[in-house]
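Let me begin by presenting the structure, written as structure tokens, before commenting on it.
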Amino acid sequence: MKKFITILISLLLGIISNAQTKIVVESEKYVYKDEQFNVNFIINAKVSDFKWDVGEDFNLVWGPQKGEQKSISIINGKYSSTVKTTYTYILKAKKTGLFTLPLARAKYEGKDIESEPFTIQVLDASSSQTEEKTNATNAQKTTAVDSDEKMFLLVNIDKTKLVLGEAVNVDIKLYTNTTNISDVDMPKFPSFNGFWSQEAYTPNKLQWEREPYKGKLYNVIRIRSYTLIPQQLGDLEIEPITLSCRILRRSDDDIFSVFGVASEYERKLLKSKAQIVKVSALPSPVPIDFGAGVGQFSLSDKLDKDTLTIHEAASLLISIEGKGNISLLDAPIVNFPKSFEKYDVKESQQLTANVTVGKKIFEYPFIPRAEGEYVIPAVTYSYYDVSTNSYIRLRGAEHKIVVLKDSTATSASVYNNYDKKDKVNDLAKDIRYIIRNNDNKYISFIIKDKIYYIYLLVLFILSIIAYFALNRIYSNTADVVLLRNKIATKMAKRRLKKAFDYLQNDNKQLFYENLHRAMLDYAADKLNLKSEELSKENIAYQFIDKSIDGPLIDRYIILLEKCEEARYAPNNHDIQMNLDYDEAENIIVAIDKGLKDHYNNFGV
């Protein structure tokens, strides 16, 4: 068995090694006809039987030239070595057009490997361009740049016709026929009025590439890249952009020019042309669940837990992923049950180097206030698809949640499920027919017998006594408000004592849960509030109505919020937990005194 596993691992390592070993092609993507250029085939291993045919579209000027580069490293006593093999060719294009180089092939550890297809665009070069390039190469000198044809700044935009909210990429590029440039900077960054903008690329150093422009090849530096999202309708102008760069100048009279030492530098300012982007409105009618998304997206959602107890916190996570104006997406609308207390939506995003690709995550924290079985309906979210020019509706999953009764809750702190209606009984089953009897012997008994009247008098007296007795009992027990108000402080202290036990055991999670429940239960009992009325705003309003000081109310609300936050990230220190416990005791005592003063003033 061990031998079989060893063989299997060896085969897997061999497959992985072959997958990582490949032939990489490096060359210019744009060249002139009859211009000589290099083609390098690079392999990160030592190979055998390397073969490559130049094909019919190019002439072989020189090559191949094989080179090997070995490197050895010793880390923690472990020896390792790598080999890099390079095959270099010099080619010349026969004609203009777009051509694909033939594939190169080789053998690595007995397996065949080959290069990826590589295309080269061949342009037609005029005699002046060829002569200028040849003279510049032979003389190895660069004259001062004094013509917009030799150096200019362009703002390249993917599209100039957009809909509101559609993302577009903007590249700021410097085109020149020299590479003797340094200190490129932008004295004034573009404002992009009317657009939401975000910088997508900033080079750490000058990186030259060759690109064609109007049939000519230029050395190009990508200065900046931005992602723009229009926020206004109509014709939006991208103002001209200014660029400053320093150019190296050498002259024939300077004896040090042959060693590449510059005699002087020239500072040059370049300015791009203004660009106009036409922005149109999204088509009507706009879906009611449209979340400002323009692009192509997908939606997924999940519940971190589907079984809770009353007052236990949970979260619904909704992720919208794709390509478009991700940073500007609005949070989808979630219809929570009425007995759930909702909190502010938390947003986060994960973007790639291209800031229009990634995902945005919305977290919906909530706390159920009543037991039972609930359903969070499936979330819908519409976006505008720019590829089909239509609205697309995404749909999430329906989530079922079971809320259990808290076994530690007291009878005074347990609330009814207010959103459950009582079943209506069939009233027809309660109807009984009146029995008719024409026999009058009972009537004669009532008229003649005095005992009947004595019984009637006794029953009347007993009824009066029972009425006053029951009325007194009812007046003492039916006033639930008075009962809850009397035991509110006692129950709060009992809950605080339990929280203190968890504090002693250094159980932060249960400490803050019980502290939070003690504060809420106290407010519910003192103010006679139902579970659906236990929002921070309503509690604060009720305290204000009872003439409680504003700073004291603020302390109460702040402590509630600290307890709620601790459920998500319980990172408080023990010292802070002690302070919060003392604060809860002080707040309850102070509110108790304030409520007594209020009731005394009104003669309650």
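Residues to consider are ASP506, ASP501, ASP545, ASP525; find the one that is over 21 Å from TYR343 (Cβ atoms) and within 37 Å of the chain's Cα centre (by Cα).
On the way: ASP501 fails: within 37 Å of the chain's Cα centre (by Cα); ASP545 fails: within 37 Å of the chain's Cα centre (by Cα); ASP525 fails: within 37 Å of the chain's Cα centre (by Cα).
Only one candidate qualifies: ASP506.
Only residues that are assigned to a loop (DSSP other than H, G, I, E, B) and open to solvent by less than 30 Å² (accessible area, probe 1.4 Å): list them for the stretch 288-311, please.
Taking the stretch 288-311 first, the residues assigned to a loop (DSSP other than H, G, I, E, B) are 288-289, 304-306, 310-311.
The answer is ASP289, ILE310, HIS311.
Quick grid of which residues meet (1) modelled with pLDDT of 75 or more; (2) in a helix (DSSP H, G or I); (3) surrounded by 15 or more Cβ atoms within 10 Å (Cβ to Cβ):
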{"residue": "ILE553", "(1), (2), (3)": "yes, yes, yes"}
{"residue": "ILE557", "(1), (2), (3)": "yes, yes, yes"}
{"residue": "LYS562", "(1), (2), (3)": "yes, yes, yes"}
{"residue": "ARG567", "(1), (2), (3)": "no, yes, yes"}
{"residue": "LEU579", "(1), (2), (3)": "yes, yes, no"}
{"residue": "ALA584", "(1), (2), (3)": "yes, yes, yes"}
{"residue": "ILE591", "(1), (2), (3)": "yes, yes, yes"}
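Regarding the stretch 217-224, can at least one residue be identified that is more than 30 Å from LEU329 (Cα to Cα) and either open to solvent by 40 Å² or more (accessible area, probe 1.4 Å) or polar (S, T, N, Q) (or both)?
The answer is yes, given that some residue of the stretch 217-224 is more than 30 Å from LEU329 (Cα to Cα) and either open to solvent by 40 Å² or more (accessible area, probe 1.4 Å) or polar (S, T, N, Q) (or both).
Please go through the stretch 346-370 and give me each residue that is open to solvent by less than 60 Å² (accessible area, probe 1.4 Å) and outside any strand (DSSP E or B), ordered by number.
Of everything in the stretch 346-370, those that are open to solvent by less than 60 Å² (accessible area, probe 1.4 Å) and outside any strand (DSSP E or B) turn out to be ASN354, VAL355, THR356, ARG369, ALA370.
Looking only at strands (runs of 3 or more DSSP E) that lie completely in the stretch 20-96, which have at least 3 residues being open to solvent by 40 Å² or more (accessible area, probe 1.4 Å) and at pLDDT below 80?
The strands (runs of 3 or more DSSP E) meeting that bar are 58-75, 78-93.
The values are calculated or read from the model by the stated rules, or taken from the named source; none is laboratory data. Since the model is a prediction, treat every value here as computed from it, not as a measurement. Here the Cβ is made from the backbone with ideal geometry for all residues, glycine too, and neighbour counts use every protein chain on show. Protein only, heavy atoms only, side chains kept; ligands, DNA and RNA dropped before computing areas. Shrake-Rupley method; radii C 1.70, N 1.55, O 1.52, S 1.80 Å.
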